[in-house]
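**Student:** Below: one structure in structure tokens.
No lab work stands behind these numbers, since they all come straight from the coordinates. In this text, all values refer to a predicted model and were calculated from it rather than measured experimentally. Using ideal geometry, Cβ is built from the backbone for each residue, glycine included, and neighbour counts are taken over all protein chains shown.
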């Protein structure tokens, strides 16, 4: 690292995605410089939902306790037709939860952003420039020059190895480069209204989230944390988005549920709900994350989650590349992994939107009949997390290995000092080899010795037990058999987890651990293995 670089990573935009990316970069030992055009956090909410993967990231940053007063487990959702009849249910998985956290949450975005910003301010090696607009990014083979102007019209130039564009759906950087968004054909105008209930008010409101699939005006009701409630209304043809955002119009819509004296109208804003995915997520040393790379309709509460996954996916790869532990193909895996995932989630959200937004009465009647038939077959409905895929390509073990691309469960465990907590609290988020208690220990140890001899990537061994007290520092007892059961269902005796908690791959036999580690090392540094032929067990013979 040379003094010519102001930072390893420049983050442009400090919304939830940019702030998370900056925190992750700091925790990975990278120097960070971050910019945001606004001098203060937006005081009104925008996103209202995130899922267990995002919560796992926030917890890994040490923010679980700080944000706990402002988050609440997501309520199940009911889809109701114009007659008030429930035509569909989307529920949540029962405990014990596979990732250690509730599957989904509602939250207050200003409070989450405040917690992220506060963490950044107390992080050494992080330089923050608020009220500062990035006016240009000039890329070269070794880094980028970032030009910015602050509120006093003073111009500065900074040097960074990589740049992360987290500058939102209107991304000036994306526009400047002329990069195209692929339209997944969803474009609908909606009004979003957030209210704060007065004490004792709202007792007659639904206790669950509701999608009102009514042809006259489709709408959504969401139970937020504390006294926060959200309504979303489709804007009808002929209505002006600016006019429908006015207080009087909004209050007329809300009068169906609440009297005016029952609440404070926190904010009302009109949006166009889009389904868009960037065609090119990387331009040399510049990467696009969050809304600058994709926009997702809100019907699955995955918009912000998509960006948090972007940050969690990319930052550990950048850290390995900067340290020389990985080569350039690992960075190419960012789009290879994230684009198909984003596309599938966005299409799932779009399909839910299609159900909700139907305006033709005859088609709506057909929809109702079809969904009622499905509901009769499965009265409990579908589980929200079942709509979220794993990874299908990128930095994964070859075909033939097990559990590749799935999210690693996180059990509650006891360690050898009898301390209790979630597994990540003990093991962190680096590469981890998780081994079942009945694995052949000698074969695992032999693979680990070979890995160390070959100067393989840093790796932590996690040996799982399910009986008695753990005796060694790398042993943990899975109190509710969450991880043990998951591994047995997939016939895995060992799995290699990536720093972002996705599974690189798993094996049936401890003898195949060596091949699993070799495959990961080979993908991280392909030039070191250019003349070698992978062993049989890496070629999928498991």
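**Student:** With a Förster radius of 56 Å, plug the Cβ-Cβ distance of residue 247 and residue 393 into 1/(1 + (r/R0)^6) and report the FRET value to the nearest 0.05.
**Tutor:** That gives a FRET efficiency of 0.70.
**Student:** Here's a follow-up. In whole Å, what are the extents of the stretch 412-539 along the principal axes defined by its C-alpha atoms, from largest to smallest?
**Tutor:** Cα spread of the stretch 412-539 along its principal axes, largest to smallest: 47, 24, 24 Å.
**Student:** Among 477-488, 309-320, 201-212, how do they line up by average Cβ neighbours within 10 Å per residue, starting with the highest?
**Tutor:** 309-320, 477-488, 201-212
**Student:** Using only the Cα atoms of the chain, what do you get for the radius of gyration and for Dmax, in Å?
**Tutor:** In order Rg, Dmax, the Cα atoms of the chain give 24.5, 75 Å.
**Student:** What angle do you read, to the nearest 10 degrees and between 0 and 90, between the alpha-carbon axis of helix 16-27 and the longest principal axis of the chain?
**Tutor:** Orientation of helix 16-27: about 20 degrees from the principal axis.
**Student:** Compute the long axis of helix 513-524 from its Cα atoms, compare it with the longest principal axis of the Cα atoms of the chain, and write down the angle in degrees, 0 to 90, nearest 10.
**Tutor:** It is inclined by approximately 70 degrees.
**Student:** Listed highest first by mean packing, meaning other Cβ atoms within 10 Å per residue, what order do 396-404, 172-180 come in?
**Tutor:** My ranking of the peptides, most packed first, is 396-404, 172-180.
**Student:** Compute the length gained on full extension between residue 185 and residue 471: take 0.36 nm times their separation in residues and subtract their Cα-Cα distance, giving the result in nm to one decimal.
**Tutor:** Between residue 185 and residue 471, full extension yields an extra 97.3 nm.
**Student:** Could you rank the peptides 321-330, 150-159 by their average count of other C-beta atoms within 10 Å per residue, with the highest value first?
**Tutor:** So the order, starting with the most tightly packed, is 321-330, 150-159.
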